[in-house]
Amino acid sequence: MTRPVALRIAVLCWLMLVWILLWGRISVANVVGGLAVALVIIVLLPLPVVPVQGRLHPLSLARLLVALLWWLVQSSLQVAWQAIKPGPPPRSAVLRARVAVKSDLVLALAVNAINLIPGTIVLEIDQTRRLLYVHVLDVGSDRAVERFYRQIAELERLLVAAFERDSEWRPTQERA
């Protein structure tokens, strides 16, 4: 079985499962209905092909997930403290960060990872120059700004290690 066929079957099963979960119980009618809806979606609304380059490195991916989990906990505590501490509200700003990732897929993963961290949200993406404009909640000191840029650099390093190692990078050929 080729990769595109396997991917379509996986999407079909996923959509069917979502349909069944929406109805709240497993029945023959829900399974058949989910299959019908999934087929209609796959045939009438096909997803564009996303070029995937490089290889997935499970150990590096595990490091990335642990770092993301740590940042989530750490920044959640910081945001909670900012919400309850007495005094003026924290100073926020929009900071520009460059991420040196090669593929659009990994860029999207980087944006989603940044958006998951409380206190930050990506406002704009300059796809060609790989610039992100990120609203950051607490930039009251130079140390806080440096911490944000260190975190972005670490995220980039972890993403490249997990998905885009230079030794394995082979850009896909554009199809006309």
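Computed values, structure above
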{"read-out": "Heavy atoms of Ser60 accessible to a 1.4 Å probe, total area in Å² rounded to 10", "value": "0"}
{"read-out": "Once exposed loop trypsin sites (Lys or Arg not before Pro) are cut out (DSSP; at most 10 other Cβ, 10 Å), longest piece of the chain", "value": "26-128"}
{"read-out": "C-alpha long axis of helix 28-44 to longest principal axis of the chain, angle in °", "value": "70"}
{"read-out": "Acute angle (nearest 10 degrees) that the helix 104-116 long axis makes with the longest principal axis of the chain, alpha-carbon atoms", "value": "60"}
{"read-out": "Nearest-0.05 FRET efficiency for His57 and Ala144, computed from C-beta distance (R0 22 Å)", "value": "0.10"}
{"read-out": "Probe 1.4 Å, all protein chains present, accessible-area order of Asp166, Asp138, Asp126, largest first", "value": "Asp166, Asp138, Asp126"}
{"read-out": "Label-point separation, Ala108 to Val28 (7 Å along Cα→Cβ), nm", "value": "3.9"}
{"read-out": "Sum of -39500 (n - 2.57) over DSSP H runs of 4+, divided by residues of the chain (222 nm, nearest 500)", "value": "-19500 deg cm²/dmol"}
{"read-out": "Amide H contacts under 5 Å for Glu164, placed H, 5+ residues apart", "value": "none"}
{"read-out": "Measure of compaction for region 1-89 (Cα Rg per 2.2 N^0.38 Å)", "value": "1.74"}
{"read-out": "Cα-based radius of gyration of region 58-120 once divided by 2.2 N^0.38 Å, which approximates compact folds", "value": "1.36"}
{"read-out": "Solvent-accessible heavy-atom area per residue, rounded to whole Å², over region 1-146 at 1.4 Å", "value": "69"}
{"read-out": "Spin-label pair Leu95/Ile42, simplified geometry with 7 Å Cα→Cβ offset, distance in nm", "value": "4.4"}
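The values are calculated or read from the model by the stated rules, or taken from the named source; none is laboratory data. Just so you know, these numbers come straight off a predicted model, no measurement behind them. Neighbour counts run over all protein chains shown; Cβ positions are idealised from the backbone, glycine included. When the accessible area is computed, the model is the full protein with side chains, heavy atoms only, and any ligands, DNA or RNA have been set aside. Shrake-Rupley method; radii C 1.70, N 1.55, O 1.52, S 1.80 Å.
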